[in-house]
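Notes to accompany the following structure.
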Amino acid sequence: MTNPPHSDKYSQGPGADYGQTPGYPPPPGYGAPGYGGPGPGAALPGLGLRFAARFVDGLILLVVNIIALFILGFGIGWMVVTAILMYAYFVGFDVALGMTPAKKIFNMRVVGPDGGRPQIDSAAKRESFVLLGIIPFFGSLLVLAAWIAIAVTINSDPQDQGIHDRFAGGTRVLRG
């Protein structure tokens, strides 16, 4: 008696991805550009969800900024410290976990150009606009202009990549 096709206990069935071990998650970077996707079908969060996550991260950072304000007082020193803390927060979480606490809440992750977590250079470039806040007098306006440019480019790009994502070599924010 012969077994029908794909009937043994190790078979993954028709159309299965035979590059994967059954029951195990794909390796890091699997499905990334150059590894078979995530292409046009990737789950993209869109501008609204990305904005919501950034807003929640901003609320988390607000507590730190208020503490720094009480310690340093309002001035250039406070502006420099808060910009550096914000920069370190986003770069650090993106490199270490591929997501900030708010992105985790909203089920989003940042992927580097290779599809895995962003490397330090990509994450540093991606968040560099935050450091515009250090510039005396005009820093806040420059950060606002950067936010507008990022929002416009995310909203107009079919892959939801903002100008900061392209500057970082092709980082992306994905759902899931």
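Taken together, the values in this text are just the output of simple stated rules run on the coordinates, not laboratory data. All values reported here derive from a predicted model rather than from experimental measurement. All Cβ positions, glycine included, derive from the backbone under ideal geometry; neighbour counts span all protein chains shown.
Distance between the pseudo-spin-label points of residue 74 and residue 88 (7 Å out from Cα toward the beta carbon): 2.4 nm. Report the paramagnetic label zone for residue 157: residues of the stretch 107-122 whose backbone N is under 17 Å from a point 7 Å from Cα along the Cα-to-Cβ axis. Residues 109-119, 121-122 qualify, since their backbone N sits under 17 Å from the label point. Descending by average beta-carbon neighbour count within 10 Å, the peptides 166-172, 155-161 line up as 166-172, 155-161, the highest first.
Under the simplified labelling scheme, the residue 105-residue 147 pair shows an inter-label distance of 1.7 nm, with each label point 7 Å from Cα along Cα→Cβ.
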